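The values are calculated or read from the model by the stated rules, or taken from the named source; none is laboratory data. Please read all numbers here as calculations on a predicted model, not as lab measurements. Cβ coordinates were reconstructed from backbone atoms using ideal geometry, including for glycine residues, and neighbour counts include every protein chain displayed. All accessible areas refer to the heavy atoms of the entire protein, side chains included, with ligands and DNA or RNA removed. Shrake-Rupley method; radii C 1.70, N 1.55, O 1.52, S 1.80 Å.
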Amino acid sequence: MMNIPKGNRHHVVVVGAGFGGLYAVNELVDSNVDVTLVDRRNFHLFQPLLYQVATGTISATDVSAPIRSIFGKKENITVRLDSATGIDVRSKHLNTKSHTRIKYDDLIIATGVSHHYFGHYEWQKNAPGLKTIEDALEMRRKIFTAFELAENESDPLRRKQLLTFVIVGGGPTGVELAGALADLAYKTFEKQFHNINTKKECSIYLIEGLPNVLPSFKESLSEVTRGYLTEMGVKVLTSSLVTDIQNDTVFYKIDNKSKKIEAKTILWGAGVMASVMGKILSDATGVKLDSVGRVVVNKDFTVGKHDDIFVIGDLARFKEGNDFLPGVATVAMQSGEFVAKLIKNRVENKKNYKKEFKYKNKGNLAVIGRNKAVADLGFITSKGFIAWLLWIFIHILYLIGFGSKVSVLTKWALSYFNQDKGNRLIFIK
């Protein structure tokens, strides 16, 4: 078992290269502390645009950036391709899958969340979620394969099943996925298949258990979103609870009536479950977890009485006032920067520094389709084309790497003018 020796300088270990981890490390670049960034992938993933990978608008490389290309030239940053398996809080070591023990002075955990099937993990096989590149490519395979098989299908019932798509979850992921799929089916593919009429034969359902889609948005914007989706041809089913998924069939209840939809393509966008690091932290420190395994943190993102262990991003359950902070990218970014600054100030023995986190809400945005989006920036709400432009430029701003920004913006422009999807490769299993 190899032990990473501790140098003379303060050593911060960051687990996870999502938004939280990345912004924490970036804040510590060229500081008087040494940083080791541990992630099981060698790239940072821009999750908000995964649905565009799934529907063929952009490629996987456009929403990812190699971690070493971001921090490789920074002398105080070490990048390790590895996974955390345990924490020894007494000796202050992180145990990893490669059997390495990494000594830390401060430990930042930012491993995020995955899909939550509300106890029905058997649904995952038939209804993939959208959290990783692999998820997006699997969705893309299922979507494009369905259209190709329908083109060759002579049985009308089988063809109907192939051209029926069900998306479970009416949050931003589900809404954006439904809108992109509607654009694909009813515009891009309208004249590209000769044996099927995608505009007339394709059915897209969005199922949400709550009364409104985008429940975290203002009700007025939720209603606008529902109107946009309906106008685009999406059948929106709210107050509808999925009860089972099996044999290419979604069973759900609405108004206490049991119903079903037969669909070859079922996509999951509802609920989150904390990464395994939540359980590892709880076992090591005794910290409380919420019902989906997120870590209950203090006002400075430390856990329990351990002032050298921080949890940030989606894995953290942070209460501000009477509400918990949402699991969105801006919270992860701000929490990462806050913790990194706190550590730097402590190391430098500064007395007057911010010890409690205050979230600056920068609003919510969701795109529904071409020229259709909703935005709630707190001081102003917007819909339609203006909100769509806001969504584009804010997401471009957050993309890591100049090359990615240019590539994505170019592909969006081409897609806007010719309504075509350039990334349709299907990899057959």
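Can you tell me the dipole magnitude for the chain around its Cα centre, using point charges on the Cβ only (Lys, Arg +1; Asp, Glu -1), in Debye to the nearest 20?
Numbers: 58 positive and 43 negative charges, 98 e Å.
With Lys and Arg at +1 and Asp and Glu at -1, about 480 debye.
Determine the gain in length on full extension of the stretch residue 371-residue 83; use 0.36 nm per residue of separation and subtract their C-alpha separation, reporting nm with one decimal.
Working: separation 288, 0.36 × 288 = 103.68 nm, distance 4.12 nm.
Between residue 371 and residue 83, full extension yields 99.6 nm more.
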Margin query: Rounding to the nearest 10 and keeping the result within 0 to 90°, find how far the Cα-based axis of helix 402-418 lies from the longest principal axis of the chain.
Written below: 10 degrees
Item checked: For the range 113-162, average projected area of the Cα convex hull in nm² -> 4.3 nm²
Next item on the list: With an 8 Å cut-off on Cα pairs and a minimum separation of 6 or more residues, tell me the relative contact order of the chain in percent.
Entry: 20 percent
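With a Förster radius of 22 Å, plug the Cβ-Cβ distance of residue 155 and residue 201 into 1/(1 + (r/R0)^6) and report the FRET value to the nearest 0.05. Display every interim value, and only then the final one.
Working: r = 13 Å, r/R0 = 0.60.
The calculated FRET efficiency here is 0.95.
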Notebook entry, point to check: Taking the chain as a Gaussian network, where each spring joins two C-alpha atoms under 10 Å apart, which residue of 359, 104, 228 fluctuates the most?
Noted result: 359
Checklist line | Quotient of Cα Rg and 2.2 N^0.38 Å for the range 257-338, N being how many residues it contains | finding: 1.38
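Quick one: length gained pulling residue 279 to residue 91 fully straight, 0.36 nm per residue minus the C-alpha distance?
Numbers: separation 188, 0.36 × 188 = 67.68 nm, distance 1.94 nm.
My answer for the length gained is 65.7 nm.
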Margin query: About the Cα centre, and with charges only on the beta carbon of Lys, Arg (+1) and Asp, Glu (-1), how big is the dipole of the range 1-144? Nearest 20 debye, please.
Written below: 320 debye
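So how do 70, 167, 380 rank on accessible area, 1.4 Å probe, biggest first, that is with the largest at the start? Present the calculation step by step, with values, prior to reporting the outcome.
Numbers: 70 50, 167 0, 380 85 Å².
Of 70, 167, 380, the descending order of accessible area is 380, 70, 167.
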Next item on the list: Would you please classify the overall shape of the range 4-47 from the alpha carbon gyration tensor, given that a ≥ b ≥ c denote the square roots of the eigenvalues, rounded means a/c under 1.5, and beyond that prolate means a/b larger than b/c while oblate covers the rest?
Entry: oblate
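When the Kirkwood radius is taken over all Cα pairs of the range 247-302, what Stokes-Einstein diffusion coefficient follows at 10 °C and 1.306 mPa s, in µm²/s? Working shown, then result.
Working: Rh = 14.6 Å.
Answer, rounded: 109 µm²/s.
From largest accessible area down, sort 344, 73; use a 1.4 Å probe on the protein chains. Let's see the in-between values first.
Working: 344 40, 73 195 Å².
Output order, biggest surface exposure first: 73, 344.
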Next item on the list: Report Rg(Cα)/(2.2 N^0.38 Å) for the range 199-267, keeping two decimals.
Entry: 1.17
Check: Could you give the nm distance between label points at residue 351 and residue 59, where each point is 7 Å from its Cα heading toward the beta carbon?
Finding: 5.7 nm
Margin query: Give me the tail of P(r) for the range 147-281 as a percent: Cα-Cα pairs with distance above 26 Å.
Written below: 29 percent
Check: Which lysines does residue 199 reach when only Cα atoms under 27 Å apart count, and residues fewer than 8 places away in its own chain are ignored?
Finding: 142, 160, 187, 191, 235, 259, 260, 264, 372, 383, 411, 421
Checklist line | Residue of 384, 170, 278 that the Gaussian network model of the chain assigns the largest fluctuation, springs spanning Cα pairs under 10 Å | finding: 384
Note to self: Test of understanding: in a Gaussian network model of the chain with alpha carbons linked when under 10 Å, which of 26, 364, 247 would top the mean-square fluctuation ranking?
What the structure shows: 247
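Quick check on the chain: of the DSSP beta bridges with both residues there, what percent are antiparallel, nearest 5%? All intermediate terms of the calculation are to be shown ahead of the outcome.
Working: 38 of 74 bridges.
The antiparallel fraction comes to roughly 50 percent.
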Margin query: Give the aspartates and glutamates whose C-alpha is closer than 15 Å to that of residue 131, dropping any in the same chain fewer than 8 places away, or say none.
Written below: 176, 314
Checklist line | 222 nm mean residue ellipticity, helices alone, for the chain (DSSP H n ≥ 4; -39,500 (n - 2.57); rounded to 500) | finding: -9500 deg cm²/dmol
Next item on the list: Just subtract the alpha-carbon distance of residue 361 and residue 220 from 0.36 nm times their residue separation and send over the number in nm, one decimal.
Entry: 48.9 nm
Note to self: How would the range 1-134 be classified by its alpha-carbon gyration tensor: rounded, prolate or oblate, with rounded meaning a/c under 1.5 and the a/b versus b/c comparison settling the rest?
What the structure shows: oblate
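First measure r as the distance between the Cβ atoms of residue 308 and residue 114, then evaluate 1/(1 + (r/R0)^6) with R0 = 35 Å and state the FRET efficiency to the nearest 0.05.
On the way: r = 26 Å, r/R0 = 0.76.
After rounding, the FRET efficiency stands at 0.85.
In terms of the ratio Rg/(2.2 N^0.38 Å) built on C-alpha atoms, what value belongs to the chain?
Values: Rg = 22.7 Å, N = 429, 2.2 N^0.38 = 22.0 Å.
Against the compact-globule rule of thumb, the ratio is 1.03.
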Margin query: Working only with C-alpha atoms, what are the Rg and Dmax values of the range 33-74, expressed in angstrom?
Written below: 12.8, 42
Item checked: the range 80-212 pair-distance distribution - Cα-Cα, 10 Å bins, rounded % -> 10, 30, 24, 16, 12, 7, 1
Next item on the list: Between residue 251 and residue 386, with labels modelled 7 Å along Cα→Cβ, what's the label distance in nm to one decimal, could you check?
Entry: 4.8 nm
